[in-house]
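A short worksheet on the structure shown next.
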Amino acid sequence: MGEVNVRFLGSGDAFGSGGRFQTCIYVRCEATHLLIDCGTSSLVAMKRFGVDPSLVDTILLSHLHGDHFGGLPFFIMDAQFVSRRRKPLVVAGPPGLEARIFEAMEVLFPGSSQTQREFVLNFVELSEETATTVTPLVVTPYSVVHPSGAPAYALRVVCEDKIIAYSGDTEWTDALIRAAHGADLFVCECSSPEKVGGYHIDYQTLMNHRPELECRRLILTHMNDEMLRQLGSLDVEGAEDGKIVVL
């Protein structure tokens, strides 16, 4: 099997902390190109870093908050009117994703969800702890703790012979242990140095559970300004916009 190339196009949170783009992880291998999450700023990030949107075969969504799926209306519009996409696009994620995406399109660009497209747009709903083939990927979602109007998932993605795990947004839950077990890369949100509220992981809690994760490499993302200020003094690897990891 060949290399799997992972690039953080967006590593920020919902609030633009550190001037970072919202969550968007680009994964490229010989067989496919995919995005894991597509926050509102993702199309801008793709063009900033020279990633051709028309190459993307699949978009996987962890949950339906704007900083994780809000880029879809712009991505679909670009595919229709700019890149003149012809090949199919698969969007996979929590139940209800099709309706939420089309609702967002109608809010932002009335009539856009009904415009005839020259490419097939397929939606795949992922079920909790069920391995689903999204050719050529195998994706297993794990329910996490992050209210978003639909189930929120951590994702475990088998891409060729590599395993990429991603926490999505969540407070600590043992589901992350199952998602990350044996992963070549686990990308985990870490919003703050210490616990300041619910529904997000803090660094202190994550490090308390670090031995349980059993992943080969851990990279933190989705950090607030305080976490970003402290990152350089901590014994942990952090994401940044444009960072490339080769598996």
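Bear in mind these aren't lab numbers, they're just calculated from the coordinates by the rules spelled out. The shown structure was predicted, so the numbers you read here are calculated from the model rather than taken from an experiment. No Cβ is skipped: glycine too gets one built from the backbone with ideal geometry, and neighbour counts run over all protein chains shown.
Here are the numbers:
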quantity	calculated
Enumeration of residues in region 21-35 that are out of contact with any helix residue (DSSP H, G or I) (no Cβ under 7 Å at 6 or more places or on another chain), surrounded by 24 or more Cβ atoms within 10 Å (Cβ to Cβ) and closer than 27 Å to Arg229 by Cβ	Ile25
Filter result for Val139 (closer than 24 Å to Cys29 by Cα and either under 17 Å from the mean Cα position of the chain (by Cα) or part of a loop (DSSP other than H, G, I, E, B) (or both))	yes
Pick from region 5-28, criterion under 10 Å from the mean Cα position of the chain (by Cα) and among the polar types (S, T, N, Q), ranking: farthest from Gly39 (Cα to Cα)	Ser11
Single condition Glu194 does not satisfy, out of (1) touching a Phe, Trp or Tyr at 6+ places or on another chain (Cβ under 8 Å); (2) touching a residue at least 24 places away in the same chain (Cβ under 8 Å)	(2)
Test set (1) under 30 Å from His181 (Cα atoms); (2) in contact with a strand residue (DSSP E or B) (Cβ under 8 Å, 6 or more places away or on another chain) - Val145 fails condition number	(2)
